[in-house]
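Here's the structure we're looking at; comments come further down.
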Amino acid sequence: MSLKKFILSLLVCCWVGATFAQTEQVLPTTVLPRHPRLLLLRGEEKALRQKINRDAYWKSLQEGIVTECDRLLQEPVNERIQVGRRILTISRDNLRRIFLLSYAYRTTGKRQYLMRAEQEMLAAARFSDWNPSHFLDTSEMTMAMAIGYDWCYDALPGASREEIRAAIVEKGLKASLNEADAWFLKSDHNWNQVCNGGMLYGALAVFETDRQFCADIVNRSIGSVPLAMKAYAPDGAYPEGPGYWSYGTSYNVMLIAALEKIFGSSFGLLNASGFLQTGMYAQMMITPSLRQFCYSDNGTVVGFNPIVFWFYHKTHDPALLFNQKRLFERDASADYVSNWLLPSNLHFTADNERRQTQQGASLLPMAMIFGAGSGASLANPPQPQSLMWIGRGQSPVAVMRSSWQPDALFLGFKMGTPKANHSHLDVGSFIFEAEGVRWAYDFGIEDYNRLEVAGVSLWGHGDGVQRWDVFRHRTQSHNTLTFNDKPQSAVEMANLDDSGDCNGAMYVMSDLSAMYADQLPGVKRAVSLVDKRYAVIQDQFTTAGQFTKVRWNMLTEADKVTFTTDTTVLLEKGGKKLYLKVDAPFPVRFYTHDVTPTNSYDSPNIGGQFVGFEADLALNATQQVTVYLMPGEEVAQPEKTYSFD
């Protein structure tokens, strides 16, 4: 099938499956603006500099970018280094370097930044390839080269410009014509967004090289990306979790921003249900202690995110800026210019938080263009008004908090399906934070390369696949329920079935029965935050005639656990306390377990422990158990807040 016929079929597919997509086309006869044309047109940097200079926060960020570019001048240029299947670390760092250097050149006029950006681009242009077998690598490199080529176009020597242009075409755009590597075009997750974003930038940067070919690439991206954008419906929650939200959404935003700047149109993409609301999803997933609700393959660490400012530019909702200000002010060492959120090594820290990549540094100029450029102020942004947020879709999630202060209570609840990309067997899991202590948290992401090198088949998602043998992925390692030591179903779905905020209690309920359909007839879980004082986890079990043992599990960073009575546990950390009290019609057997994994290929887990209980359920009965999580002091008469009837 020719590229043109494939694009037309893809557009028809997207039109049927995603009604927000449009069939308008970019024509080869379209006249694009002169270079620079991506994100910031020729001459627009002057007005941007004026806006930056009027705000202390933006001046500080500008100085941080320039300081990092000065440091880069002393570093060797990146080489093609492959780790396992990927050169992604190099591609991502090239995007960071070239975008920052090109930005510094445009906003300061200093040629040393131009010359260093040229050196990075020429080195990458001479790589043997950009690793198209793992096309994320190719796409991030293509976007890096496209931005540098476009933003430095007039000042680049002719020979350099031609070498960079040829590399974009041959190693970027043409590599996407291989159907085996371009499977992302029909995917519905972050690969679609990242790869289409990179290809669109490459085509727009070199559009005049072959107008028909580049127009076809642009139209292909516009036609394909709606497949992934359907995931935001209806509220903006991202099925792959907040870390992958930053990755996929960043490239989706980059794609739309380029289209709007050049063509004055999003080609219908902004009509995607939930997309303009998704900026708030990312803010709601940040806990009071500035960690991330890290369900599925996501990390706990969160950093300053420049893409949030594009959502501010579109919505002018100042509440989007509240956590970004806190994250920026926390970052005394200016890690926002780095691709790493923790400047240590690849091992786990004492609180189990792993050094991990962030997308923000690679796209940091977006904060300047759409934050400073739209007049966003970090001086005193208002806090969000809502204390409860619910996102439905493929991976429903709900969060409740007592306030927006750093010592607030925070309760998060995860539903959905393990079929979602990057998911774990964690349906029905919760996290709970109070006074900055993670009384209940999640391990989060495992090291992909570590598992792949060990030969683990990591990317299957059906029942019985090896992915579910990984310690951090399995049901037993999450804050959810296990029956007779069996895993949850990997193919079923649990929805958000009820929610509310009344009589001092915020609550959410999900029928989890499908996740355990081969184990017992019925399972429901409701989580509540009561009077802004304590959390309540309520479970209802309906059994049949066979023996059923339930295991109620919680991963905690408490360093001291005391069983004070047959129904109460005292957890302590740093002088702070949490009382865990169980109300059940049957005796419970409390336990603590360390978090040492059982497989040689698993990463070590430093700090944290499991606490919970087991119990034998009555046969052919419906029973309920309620767990109260009470920080600070034990509430004399805590209330059950949800009725399953």
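Kindly indicate which of LEU555, LEU496 is surrounded by 15 or more Cβ atoms within 10 Å (Cβ to Cβ), in a strand (DSSP E or B) and not polar (S, T, N, Q). Steps first, please.
Values: LEU496 fails: in a strand (DSSP E or B).
Matching residue, one of LEU555, LEU496: LEU555.
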Among the residues of the stretch 232-241, is there at least one that is surrounded by 23 or more Cβ atoms within 10 Å (Cβ to Cβ) and in a helix (DSSP H, G or I)?
yes
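Please tell me if VAL427 is β-branched (Val, Ile, Thr), touching a Ser or Thr at 6+ places or on another chain (Cβ under 9 Å) and assigned to a loop (DSSP other than H, G, I, E, B). Steps first, please.
Working: β-branched (Val, Ile, Thr): yes; touching a Ser or Thr at 6+ places or on another chain (Cβ under 9 Å): yes; assigned to a loop (DSSP other than H, G, I, E, B): yes.
The answer is yes for VAL427.
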Among (1) in contact with a Lys or Arg (Cβ under 8 Å, 6 or more places away or on another chain); (2) under 24 Å from LEU41 (Cβ atoms); (3) open to solvent by 30 Å² or more (accessible area, probe 1.4 Å), there is one condition SER133 misses while meeting the rest; what is its number?
(2)
Could you tell me which residue of the stretch 392-424 is surrounded by the most Cβ atoms within 10 Å (Cβ to Cβ), considering only residues that are on the phi > 0 side of the Ramachandran plot and touching a Ser or Thr at 6+ places or on another chain (Cβ under 6 Å)?
GLY416
Yes or no: the stretch 235-243 includes at least one residue that is of a type in the set (Ser, Thr, Tyr) and either at pLDDT below 95 or within 11 Å of the chain's Cα centre (by Cα) (or both).
yes
Can you name the residue in the stretch 585-607 that is surrounded by 15 or more Cβ atoms within 10 Å (Cβ to Cβ) and either among the β-branched types (Val, Ile, Thr) or out of contact with any strand residue (DSSP E or B) (no Cβ under 9 Å at 6 or more places or on another chain) (or both) and, of all such residues, is farthest from THR564 (Cα to Cα)?
TYR601
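Specify which of the listed residues (TYR251, TYR232, TYR238) is of a type outside the set (Lys, Arg) and under 12 Å from GLN193 (Cα atoms). Lay out the reasoning, then the answer.
Working: TYR232 fails: under 12 Å from GLN193 (Cα atoms); TYR238 fails: under 12 Å from GLN193 (Cα atoms).
Every option except TYR251 fails the conditions.
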Would you check if there is a residue in the stretch 608-615 being of a type in the set (Gly, Ala, Ser), closer than 30 Å to VAL456 by Cβ and open to solvent by 40 Å² or more (accessible area, probe 1.4 Å)?
no
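Which of the residues spanning the stretch 209-256 are small (Gly, Ala, Ser) and under 13 Å from LEU269 (Cβ atoms)? Lay out the reasoning, then the answer.
Filtering the stretch 209-256 down to residues small (Gly, Ala, Ser) leaves 215, 221, 223-224, 228, 231, 233, 236-237, 241, 243, 246, 248, 250.
SER221, GLY223, SER224, ALA228, listed by residue number.
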Please verify whether the stretch 558-580 includes one or more residues that are in contact with an Asp or Glu (Cβ under 9 Å, 6 or more places away or on another chain), buried (at least 21 other Cβ atoms within 10 Å of the Cβ) and part of a loop (DSSP other than H, G, I, E, B).
yes
Please specify each residue of the stretch 479-509 satisfying the condition of being in contact with a Leu (Cβ under 7 Å, 6 or more places away or on another chain) and closer than 16 Å to SER296 by Cβ.
ASN479, PRO487, GLN488, ALA490, ALA494
Return a yes/no flag: does the stretch 584-592 have any residue that is in contact with a Leu (Cβ under 9 Å, 6 or more places away or on another chain), among the basic types (Lys, Arg) and at pLDDT 95 or above.
no
Considering every residue within the stretch 617-639, establish whether at least one is touching a Lys or Arg at 6+ places or on another chain (Cβ under 8 Å), among the β-branched types (Val, Ile, Thr), within 23 Å of ASP407 (Cα to Cα) and outside any strand (DSSP E or B).
yes
Starting from the stretch 453-482, take each residue that is farther than 17 Å from ALA494 by Cβ and list its partners that are loosely packed, with under 14 Cβ neighbours inside 10 Å and among the hydroxyl-bearing types (Ser, Thr, Tyr), counting only C-beta distances under 8 angstrom and pairs at least six apart or across chains.
ALA454/SER600; VAL465/SER457; GLN466/SER457; ARG467/SER457; PHE471/THR598
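May I ask you to say which residue of ASP154, ASP150 is of a type in the set (D, E, K, R), open to solvent by less than 80 Å² (accessible area, probe 1.4 Å) and in contact (Cβ under 8 Å) with a residue 60 or more places away in the chain? Spell out how you get there, then give the answer.
Values: ASP154 fails: open to solvent by less than 80 Å² (accessible area, probe 1.4 Å).
None of the others qualify; the one that does is ASP150.
Can we say TYR113 is among the aromatic types (Phe, Trp, Tyr), open to solvent by 30 Å² or more (accessible area, probe 1.4 Å) and over 25 Å from the mean Cα position of the chain (by Cα)?
Details: among the aromatic types (Phe, Trp, Tyr): yes; open to solvent by 30 Å² or more (accessible area, probe 1.4 Å): no; over 25 Å from the mean Cα position of the chain (by Cα): yes.
Spelling it out, it is not the case that TYR113 is among the aromatic types (Phe, Trp, Tyr), open to solvent by 30 Å² or more (accessible area, probe 1.4 Å) and over 25 Å from the mean Cα position of the chain (by Cα).
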So PRO288 fits all but one of (1) part of a helix (DSSP H, G or I); (2) touching a residue at least 40 places away in the same chain (Cβ under 8 Å); (3) farther than 18 Å from HIS189 by Cβ; what number is the exception?
(1)
Could we say that ALA159 is assigned to a helix (DSSP H, G or I), within 19 Å of ALA124 (Cα to Cα), in contact with a Leu (Cβ under 8 Å, 6 or more places away or on another chain) and without any contact (Cβ under 8 Å) to a residue 40 or more places away in the chain here?
no
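May I ask you to verify whether TRP439 is open to solvent by less than 10 Å² (accessible area, probe 1.4 Å), touching a residue at least 40 places away in the same chain (Cβ under 8 Å) and not in a loop (DSSP other than H, G, I, E, B)? I'd like the intermediate steps shown before the answer.
Values: open to solvent by less than 10 Å² (accessible area, probe 1.4 Å): yes; touching a residue at least 40 places away in the same chain (Cβ under 8 Å): yes; not in a loop (DSSP other than H, G, I, E, B): yes.
Criteria met by TRP439.
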Complete set of residues in the stretch 268-282 that are closer than 15 Å to TRP310 by Cα, open to solvent by 10 Å² or more (accessible area, probe 1.4 Å) and part of a helix (DSSP H, G or I):
LEU270, MET280, ALA282
Taking into account only those residues within the stretch 216-231 that are closer than 13 Å to HIS189 by Cα and not aliphatic (A, V, I, L, M), which is most open to solvent (accessible area, probe 1.4 Å)?
LYS230
Checking the condition touching a residue at least 60 places away in the same chain (Cβ under 8 Å), over 27 Å from the mean Cα position of the chain (by Cα) and farther than 30 Å from GLY84 by Cβ, which residue from ALA505, ALA494, ALA517 passes?
ALA505
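The values are calculated or read from the model by the stated rules, or taken from the named source; none is laboratory data. Note that the structure is a prediction, hence the values are computed from the model and not measured. Glycine gets a Cβ as well: all are built from the backbone with ideal geometry, and neighbour counts include every protein chain shown. Side chains are part of the model used for accessible areas, which takes the heavy atoms of the whole protein and leaves out ligands, DNA and RNA. Shrake-Rupley method; radii C 1.70, N 1.55, O 1.52, S 1.80 Å.
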